[in-house]
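> One structure is given below, represented as C-alpha cells, and several questions about it will come after.
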Amino acid sequence: MRIDDVAPQEGATRRARRVGRGIAAGQGASCGFGMRGQKSRSGRPTRPGFEGGQTPLYRRLPKRKYFTVINRQNYTTINVGDLSELAANTDVNLSSLMDVGIVTQDDGPLKILGDGELSVGLKVQATKFTESARAKIEAAGGTCEVLEPKPTWHRAPKVRGA
C-alpha cells in the first residue's frame with residue numbers, strides 16, 4: 001500500500017460549495033459572509049494566531065531554550081568500580097546495595113555504569129547496563145541479569161459510572 005492509495009470512503013466527501021454564482025444558487029451576492037467587515041472581504045482568513053492587532057500570544061510568551069521531558073525516567077546509577085568491594089559470587093540488586101550502604105536512596109530502577117575496574121565475579125541484577133559495564137562484569141566472571149522495569153503509572157484511570 002502506498003500513500004496515494006489512501007482515499008476516503010465512498011460518500012464521505014462532498015463537493016465544494018460554489019459561492020457567488022447568483023441568487024438562485026443559494027449562496028449568491030455576499031456568499032453567506034454577511035454585508036461588511038473583515039470576515040466578509042476577499043482574501044479573508046486572517047493568519048493563524050492573529051488577535052485583531054493585539055500582540056499575539058506567541059509573541060507575548062518568552063522564548064525558552066529548553067523543554068522539560070514530561071515523563072522522564074530516573075535511575076539509581078552506580079559504577080562498576082563501586083561493586084569491587086563486594087565479596088565474590090554475591091547477588092547484587094538495588095535492595096542488597098541499600099543494605100550494604102553503597103546506595104543510600106532509591107531514585108528509581110538500578111542502572112549499572114562502566115566507570116572503574118572489577119576483579120570479582122558477581123551476579124548483578126539491574127534494569128539497564130551500559131555496554132562497558134556488561135563487558136567488565138562478564139570479564140570478571142560475573143553474570144548480568146536484566147530486570148523488567150515496573151510500570152510508571154500510579155493508579156488506575158477512573159471509569160465513568162462505576
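The values are calculated or read from the model by the stated rules, or taken from the named source; none is laboratory data. Note that the structure is predicted; figures quoted are calculated from it, not measured. All Cβ positions, glycine included, derive from the backbone under ideal geometry; neighbour counts span all protein chains shown.
> Of the residues Ser84, Ser96, Ser42, only one is among the polar types (S, T, N, Q) and surrounded by fewer than 11 Cβ atoms within 10 Å (Cβ to Cβ); which?
Only one candidate qualifies: Ser42.
> Quick one: in segment 1-41, which of the residues that are among the β-branched types (Val, Ile, Thr) and in a loop (DSSP other than H, G, I, E, B) is nearest to Gly52 (Cα to Cα)? Full working, then the answer.
First pass over segment 1-41, keeping only residues among the β-branched types (Val, Ile, Thr): 3, 6, 13, 19, 23.
Retained after the next criterion (residues that are in a loop (DSSP other than H, G, I, E, B)): 6, 13, 19.
Details: Val6: 39, Thr13: 33, Val19: 26 Å.
Across segment 1-41, the extreme among qualifying residues is Val19.
> Determine whether Ala87 is part of a loop (DSSP other than H, G, I, E, B), at pLDDT 90 or above and farther than 30 Å from Thr143 by Cα.
Answer is no for this residue.
> Looking at this structure, is Lys111 modelled with pLDDT of 95 or more and either surrounded by 13 or more Cβ atoms within 10 Å (Cβ to Cβ) or not hydrophobic (A, V, I, L, M, F, W, C) (or both)?
Spelling it out, Lys111 is indeed modelled with pLDDT of 95 or more and either surrounded by 13 or more Cβ atoms within 10 Å (Cβ to Cβ) or not hydrophobic (A, V, I, L, M, F, W, C) (or both).
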